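Since every read-out is calculated from the coordinates, none of them should be taken as a lab result. In this text the structure is predicted, and so the values were computed from the model without any measurement. Here the Cβ is made from the backbone with ideal geometry for all residues, glycine too, and neighbour counts use every protein chain on show.
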Amino acid sequence: MNNYKIITDFCSDLTLDMAEKLDVEIIPMEVVIDGEEPVCGFDIDVSDFYAKLRAKKSAQTSAANLDSFIHTFEKYLAAGEDILYIGIAAGLSCTFAAAKLAASELSEKYPDRKIFLINSRSGSIGEGLIVHFAAEKKAEGASARENYLYLKDIVKRFHSEFTLNDLFFLKRGGRLSTATAVLGSVLALKPMITLNENEKLEVSGKARGRKNALLSLVKSLETMVDDPTDSVIAIGHSDCLEDAINLEMMIRAKWDVKDIILADIGPAMGAHCGPDTVAIFFVKSEKKEEPTEEMQDEEPILSEDTPAEEPIEETLTEN
């Protein structure tokens, strides 16, 4: 039965127009700029936001709270719909933990409903790209369970990579050590950042100059995808549209890719990566290996990092 709602959070960098077209709901978040009153992220002009960051003003984001998740989830559960939530990487924010807690509380009140949670292990429009895949799958008629299993496979093979002009904002936000930040900023080298298997940001390399940094992103796509012509790719940028368009042109010059989604990196992620960041997100090709026991398991769970023995799994997904 195709009676479920796809929900994501503000970190996905989907605009309200995108969300409407995809028929998904977005959990909002608040942003605090230079100690002022919190502002809903959707009310912030992105260009103005990065202008303030360039002026060295501070920005902080607050994770979506438990009440927000309970309110949004319950609206659909009470109407008889199941939920498929796709959230920011649990290693980057406590937002996903809030979603898990809300699901746990609501499972007792709505025992006949199912709540599927997907840790995207990404952020920004990378998370949004996974939501895009989910919406397409639902439109094709996939049930919530089928969609969940489909997304589990995608998340295992998802690649997120960024190039920054400097590491000042990641250092200030505590995402990288001072030593790493200094190392990545010398000799006009542009640091390349990836989200590793532990959902932590790490410096994966350095490129000399912006053009070489963009070429490095193209090389990652070429190395990790057998045939990029069948790929849907997302490119995010923080107030450097020209660089993002150059990256898109580099990719299209090599492959007739299926689609490229170009989007702003919004305040939630931009507060940490800062202006002049370009990011690429795509699904890597399947590894040629024998299926493991974990890969063969087709029982949906609360999230990929929730142990199977936890009672919450049965409460949320088993009838």
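Normalising by residue count, region 75-120 has a Cα convex hull of 59 Å³ per residue. Each residue in Cys11, Cys273, Cys240, Cys40 was given a count of other beta-carbon atoms within 10 angstrom of its own, and listing them fewest first yields Cys40, Cys240, Cys273, Cys11. With a threshold of 20 Å on the Cα-Cα distance, the over-threshold entries among Lys5/Lys138; Lys156/Lys211; Lys57/Lys190 are Lys156/Lys211; Lys57/Lys190.
Within region 234-252, find all residues whose amide N lies under 12 Å from a label point positioned 7 Å from the Cα of Ser47 along Cα-to-beta-carbon. Counting only backbone N, you get 239-241. Placing pseudo-labels 7 Å out from each Cα toward the beta carbon at Ser204 and Met250 gives an inter-label distance of 1.4 nm. Counting every other Cβ atom within 10 Å of each residue's Cβ, His71, His159, His272 order from fewest to most as His71, His159, His272.
Rounded to whole numbers, the Karplus 3J(HN,Hα) couplings from phi for region 54-64 are 5, 7, 6, 6, 8, 9, 10, 10, 10, 4, 4 Hz, using 6.51 cos²θ - 1.76 cosθ + 1.60 with θ = phi - 60°, and x at Gly and Pro. Neighbour counts of C-beta atoms inside 10 Å place Ser107, Ser285, Ser93 in the sequence Ser285, Ser107, Ser93, starting with the fewest. In region 1-106, the inverse of the mean reciprocal separation of distinct Cα atoms equals 14.9 Å; this is its Kirkwood hydrodynamic radius.
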